[in-house]
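The values are calculated or read from the model by the stated rules, or taken from the named source; none is laboratory data. Computed from a prediction, not measured in an experiment: that's the story for all the values here. Every residue, glycine as well, gets a Cβ built from its backbone with ideal geometry; the counts of neighbours run over all protein chains shown. Side chains included, ligands, DNA and RNA excluded: accessible areas come from the protein's heavy atoms. Shrake-Rupley method; radii C 1.70, N 1.55, O 1.52, S 1.80 Å.
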Protein chains: 2
Amino acid sequence: MLQLYFFPMACSLSSRIALMEADIEAQYHLAHIWTKRIVDDGSDFRDLSPMGAVPVLVLENGDRLTESAAVLQYIADLKPQAGLAPRFGDPDRYRLQEWLSFIGAEIHKAFLFPTFWYKDEGSLAKPRARIAQTLSVPATHLASREFLVGNGFTVADAHLTWALLLLRPAGIDIAQWPSLSTYLERMQARPAVKAAIVTEMALRRAMAA
Amino acid sequence: MLQLYFFPMACSLSSRIALMEADIEAQYHLAHIWTKRIVDDGSDFRDLSPMGAVPVLVLENGDRLTESAAVLQYIADLKPQAGLAPRFGDPDRYRLQEWLSFIGAEIHKAFLFPTFWYKDEGSLAKPRARIAQTLSVPATHLASREFLVGNGFTVADAHLTWALLLLRPAGIDIAQWPSLSTYLERMQARPAVKAAIVTEMALRRAMAA
């Protein structure tokens, strides 16, 4: 069975959403990204992930795959009939890769990452000054579309849903982009997305208690 | 014919390397990423690229593709016999996506981008403190391998070659990771890689003159 190493509400949430949308069974292991310990057994998470970063997907053959863009496409391709990624050969497959890269680099690594990890004002001034321009790109795209790619939910939507959820605790009110806030509501109304978020929010609250 | 919008020695260099390694003809247009003007005709680059970022690949049908991870895979798939990406269905395709994401997010967006765009000390302290850990990941991987993925040159190598070239002007001496510096020498010895770099270095020097 697939094993997903995750931290609640970190970017591994996208992978959980993808697994649940595809109805693929998996074992979930909480990897503490701050202490770098795997909660199951206290072992060092860096033995699995050199940067101590989630997600890590352990495949059926024991190989480990990291980086959301790769993990999400792997999950989507396990069950093509779920439609979580355009099939290879469809030009929209490159659109999916374009969005996964944009979300991973421009929203996550350029803004959410320094916000949650660096925290000091010096680190945050420039990323904060840039985020509105960044968010205008998906906001414009989604003004006339229900999903990021094609006419159905893909792993790009799983990833953007996670990123938009994190913007509020990062101090950005997405209500200023109505197309993004209605998109997030639509995505959160999907049963699998909702269930994934409820599970991880409960874990996050339990850890804070 | 394909049209590549690039800025000399910016991350679009990877796409030029890929096109030249695959021997795919393309028209190259210099897009000034600082002034956001296309040098050919002075038009606004943001009409093509909402973030004013390179690369932008204009496809034969006029569609535009952005983000190196997507553009590089598109170029590789145009000419599968060049071997620039494992074919779809090969598990190594996900390794390629993993490296493209790692290079794009962890090396480029988390380190090179703030170094060249933000410049102030406040923005740079944390990225600088983190880059050695980041670079130890490809350094360890390449200690026993000639290429990032499989047994041949792929677009992941094109992208890492670009990133390693930029580390020196970003103040990082990669000699401290012998596997990375010998890898970069090997890559630069490839005729197509060398030709791509020579072309863009000449343009860069001409712009500075």
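Counting, for every residue in B:61-69, the Cβ atoms of other protein chains within 10 Å of its Cβ and taking the mean gives 5. Shown for segment B:1-72 is the translational diffusion coefficient from the Stokes-Einstein equation, using the Kirkwood radius over Cα pairs, a temperature of 4 °C and a viscosity of 1.567 mPa s: 108 µm²/s. Spatial offset of segment A:99-154 relative to segment A:165-209 amounts to 15 Å, using the alpha carbon center of each. Accessible surface buried by the B/A pair amounts to about 3500 Å², both sides summed, 1.4 Å probe. Over all orientations, segment B:92-192 has a Cα convex hull whose mean projected area works out to 6.2 square nanometres. Here the dipole of chain A is about 540 debye; that uses its Cα centre as origin and unit charges on the Cβ of Lys and Arg (positive) and Asp and Glu (negative). Rounded to two decimals, the Cα radius of gyration of the protein assembly as shown over 2.2 N^0.38 Å is 0.94. When A:Gln3 is represented by a point 7 angstrom out along its Cα-to-C-beta vector, the spacings to that point in the other copies are 5.1 nm, nearest first.
Checked against a 22 Å cut-off, the cross-linked pairs A:Lys36/A:Lys109; B:Lys36/B:Lys109; A:Lys36/A:Lys119; A:Lys126/A:Lys194; A:Lys36/B:Lys126 give Cα-Cα distances beyond that limit for A:Lys126/A:Lys194. Extension gain, B:Arg186 to B:Ala125, is 18.8 nm, computed as 0.36 nm per intervening residue step minus the present C-alpha separation. Here the relative contact order of segment A:2-83, from alpha carbon pairs under 8 Å that lie six or more residues apart, stands at 33 percent.
Each residue was assigned an accessible area with a 1.4 Å probe, and for A:Ser43 the value is about 40 Å². Considering the zone a paramagnetic label at B:Asp41 would reach in this model (a point 7 Å from Cα along the Cα-to-Cβ line), which residues of segment B:57-94 have amide N under 20 Å from it? Correct set: B:57-66. Considering only B:Thr161, B:Gln81, A:Ala26, the residue lying farthest towards the positive end of the dipole of the protein assembly as shown is B:Thr161, judged by Cα position with unit charges set on Cβ. The value obtained for chain B, namely the Cα convex hull volume divided by the number of residues, is 126 Å³ per residue. Restricting the chymotrypsin sites (Phe, Trp or Tyr not before Pro) of segment B:10-59 to loop positions (DSSP other than H, G, I, E, B) with no more than 12 neighbouring Cβ atoms within 10 Å leaves B:Trp34. Once the mean of 1/r is taken over each pair of separate Cα atoms and inverted, segment B:42-164 shows a Kirkwood hydrodynamic radius of 16.0 Å.
Using Cα pairs closer than 8 Å and at least 6 residues apart in sequence, work out the relative contact order for segment A:66-160, in percent. For segment A:66-160, the relative contact order is 34 percent.
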